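Accompanying notes for the structure given below.
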């Protein structure tokens, strides 16, 4: 058993070399320490407090909003899972939870795993009970494992929220057209570039916030 790359010549860290990562914390400690160091270097107390509040309220979508950690099946109530592993053991019609192969302690734990479909099937989140008079925006973090394909976001399969783009590992925000939520229901669809082939991986979503704007139209 080659459980270490430098000591036992394992092929790569993700190929069972668990001795090389045995001391990696299984929480966001390293990421938090990195954030606190950056915050301490800020010159303005207002800026420091704003950054601390951002970390403390990381999962909070605000009044009337919703949050999904798609890498945690117990924290993803809006994910459309599909047929599931019993009826669909190859996950050709279902979403699955995947995870990063090489540990990245400088990332929050919520970025270590995500939901993804395979091949050209879209990943879907479905919301009900929205305020028809409110405006909404979506905040999202995309995963970065697998083939380097672009990812596209559609609302209700008709309104493009953003075209195919690379998957930066950071929080992105996009305004939603009010027509997309006026019925009180919303479906968000993510898809990778069609026909990408390979192992079918490329549409990976880690976190999603549906945020209700304070102003109404």
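The values are calculated or read from the model by the stated rules, or taken from the named source; none is laboratory data. Since this is a predicted model, take the numbers as computed values, not measurements. Methodologically, a virtual Cβ is constructed for each residue, glycine included, from the backbone with ideal geometry; neighbour enumeration extends over all protein chains shown.
Scanning segment 144-158 for residues that are crowded, with 18+ Cβ neighbours inside 10 Å and in contact with a helix residue (DSSP H, G or I) (Cβ under 6 Å, 6 or more places away or on another chain) turns up just one, 155.
Counting residues in segment 102-109 that are surrounded by 14 or more Cβ atoms within 10 Å (Cβ to Cβ) and free of Cβ contacts under 8 Å to residues at least 60 places away in the same chain gives one or more. Flag set for residue 129, criterion: modelled with pLDDT of 95 or more and out of contact with any strand residue (DSSP E or B) (no Cβ under 7 Å at 6 or more places or on another chain).
The residues of segment 10-47 that are more than 15 Å from residue 105 (Cα to Cα), in a helix (DSSP H, G or I) and touching a helix residue (DSSP H, G or I) at 6+ places or on another chain (Cβ under 9 Å), listed by number, are 19, 38, 39, 40, 47.
Only residues that are more than 28 Å from residue 178 (Cβ to Cβ) and crowded, with 17+ Cβ neighbours inside 10 Å were counted across segment 118-143, and they come to 4. The set of residues in segment 67-87 that are more than 15 Å from residue 122 (Cβ to Cβ) and surrounded by fewer than 17 Cβ atoms within 10 Å (Cβ to Cβ) comprises 72, 73, 74, 75, 77, 84, 85, 86, 87. Inside segment 52-72, residues that are within 14 Å of residue 108 (Cβ to Cβ) and either in a helix (DSSP H, G or I) or in contact with a helix residue (DSSP H, G or I) (Cβ under 6 Å, 6 or more places away or on another chain) (or both) make up a count of 4. Close Cβ contacts (under 7 Å, 6 or more residues apart or on different chains) running from residues in segment 156-180 that are assigned by TED's automatic domain parsing to the domain that holds residue 203 and touching a residue at least 40 places away in the same chain (Cβ under 8 Å) to residues that are assigned to a helix (DSSP H, G or I) and surrounded by 15 or more Cβ atoms within 10 Å (Cβ to Cβ) comprise 169/111.
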